[in-house]
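Data first, discussion second: the structure below is written as structure tokens.
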């Protein structure tokens, strides 16, 4: 039986992952200090871990955390003898908000009242190194733990922790304002913002860990942010390309899990359950990205791959030759081991598993701790008739860090392949 403390811990993790961005954004608006706001949110989490096992989980956990964090902020101001000043500041914000002209703002493409998007832009400020921006935004916007961020970034936990601490110190020293930058400053942050929004979507589409194979609420928030970005940057094709990519992938949500909640592969999914309206929106967004005549970028190429899958009547009808060619183009922009792994999967569907396995095995030094690498190896070995080796690879993949539901599927496939003794 799960203890009260364990139940509370899971509740805290769940609310942080779903509401961290809004909590930190609200605290940043109130305090005017992003690094301190993130610290206040973490202190509220610790208080929840201490009190919820005895008092029970509140009806609105996110509001509880925000209230506790605001109280700690007031205590901090009081200690700094700045409470009166801050109360005046908050009062002035209310007055200014009442003076805002909604008609004028409605026609201003630079005015988007979205605290979460502001938070993303702050965390992606160019004063930070790219890796620090990514670690900080994954922590505050996606609500990932340092362990999960380490897996995403292929780093160790201490390195991630150091980058987050240094990033917060750097933002504090630079006194970065909590606002969406004007259009002259946005290009310097856009690449980082797009990267974070896509990783946020990925956390919803294929969570790094936990019991659930998908988190649609997180993915929908990423799509919403991308649409807001398109309104802010209507002349940036990669914004539309990213929107297209996420629309294509989110179209499969209803078909991605079996009745028992376990994930299904692309080939196993009932394509009649795919959301055709999302596919249509994705096609329109990709067409918009192509209309700029600048060629496809990083997200555009991936969106084109996703469109091949979304528009194919079945796995067998998929244009694997085009997908391999698209991955060849993507490798020119991003020659990473993960892109090479995805290309190898496409090659296996076009030319068979044996050639693909050679390419996959070359990636072993870089992806030895990456679950999808061993899952792909297992699939290829199974198709080649190497059932015992495939079972071993499936079992190894299941043992590595990642989503619990996915691990269960991998274990079942290992058991099904292992010859009876």
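Annotations for the structure displayed:
- Computed [θ] at 222 nm, deg cm²/dmol, the chain (DSSP H ≥ 4; -39,500 (n - 2.57); rounded to nearest 500): -23000 deg cm²/dmol
- Remark: spin-label model distance residue 131-residue 174 equals 1.7 nm, labels positioned 7 Å along the Cα→Cβ axis.
- If a spin label sat at a point 7 angstrom from the Cα of residue 291 along the line to its beta carbon, the backbone N atoms of segment 242-257 nearer than 20 Å would be those of 242-248.
- Least to most buried among 386, 238, 179 (fewest other Cβ within 10 Å first): 179, 386, 238
- Which labelled figure in (i) 85, 56, 34; (ii) 62, 53, 39; (iii) 74, 58, 38 is Cα extents along the principal axes in Å, once derived from the coordinates: (iii)
- Residues 39, 319, sorted so that the one with the fewest Cβ neighbours within 10 Å comes first: 319, 39
- Exposure proxy order (Cβ contacts within 10 Å, fewest to most) of 18, 277: 277, 18
- Modelled label positions at residue 368 and residue 74, each set 7 Å beyond Cα in the direction of Cβ, lie 5.4 nm from each other.
- Stretched out straight at 0.36 nm per residue, the stretch from residue 13 to residue 401 would grow longer than its current Cα-Cα span by 138.0 nm.
- Between helix 4-31 and the chain there is an angle of about 60 degrees, using the helix long axis and the longest principal axis of the Cα atoms.
- Inter-label distance for residue 6 and residue 317, nm, one decimal - labels placed 7 Å from Cα along Cα-to-Cβ: 4.7
- Degrees separating the helix 34-55 axis from the principal Cα axis of the chain, which is the longest one: 80
- Equivalent-ellipsoid semi-axes of segment 270-421, from the Cα gyration tensor, Å, largest first: 31, 18, 14
- Across 219, 11, 393, mean-square fluctuation computed from a Gaussian network of the chain (C-alpha pairs under 10 Å connected) peaks at 11.
Values in this text are rule-based calculations from the coordinates and carry no lab data. Note that this is a predicted model, so its numbers are computed, not measured. Here Cβ is always computed from backbone atoms with ideal geometry, including for glycine, and neighbour counts include all displayed protein chains.
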